[in-house]
Amino acid sequence: MECRKWPALCAAVVLLLAGSASADMTLSSSNNTQAALDNSLARVLRAENAALDSVPEERLLSLVTLPDATPDLRYDDEWLAQQPKASGGSEWKCLAQALYFEARGETVKGQFAVAEVILNRAASPRFPDSVCEVIRQGTGQRYRCQFTYNCDGRAETIAEPRAYDRVGKVAKIMLDGAARNLTGGATFYHTRAVRPSWARKFMRTAAIGQHLFYRRPIAVSSN
């Protein structure tokens, strides 16, 4: 279970499991302790799923953002150049590739900002669960790609290895748990060169380099 994505659920599971040591005593009238625990867990799942739509996006993201694992992080070329060459598994490769095609011409800060959006999406229940799935969402569907390079009809060739090494470091640092403080919980962005219609409906949270960042507007109750 991915506790950074479902912290309330994980906490409930921990409480349930912690109580299992005394289950024979507290549930002595039942011959099926596991069934009682399963029923309790099912109630927690239903309650959490029902609550998701009523929770503002920024609240959801505040629950899943990891503690800062890189307290000395600086958004500048000198600091990034001092970091070791990065490598990793499929999630790292997907994020590094996305940063290369989406933001290799950006400043270091701009690259970290784009990485934040991708990780914010992976952490949000409104988007796919993994970095790779977030990046590939809509691929193959005309005008539905979430990241343009997946649908531009051009081969995804890494022609600038030094730029790839740089964004690879950014991807590694972010996946290792660096704080996501630049974009205010943004889950959308676009370049300054375009004006998508959805941007008028969303809340702008940051302007960094050549990109503008947004999150869903907060739903206001009529009660």
Would you list, by chain and number, the lysines whose Cα falls below 25 Å from the Cα of residue 85, excluding same-chain residues fewer than 8 positions away?
93, 109, 169, 172
Go ahead and collect, in residue order, the members of the stretch 170-186 whose backbone nitrogen is under 20 Å from a label point 7 Å along the Cα-Cβ direction of residue 126.
180-186
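Read the figures in this text as sums done on the coordinates, not as results from a lab. These numbers were taken from a predicted model, which means no experiment stands behind them. Methodologically, a virtual Cβ is constructed for each residue, glycine included, from the backbone with ideal geometry; neighbour enumeration extends over all protein chains shown.
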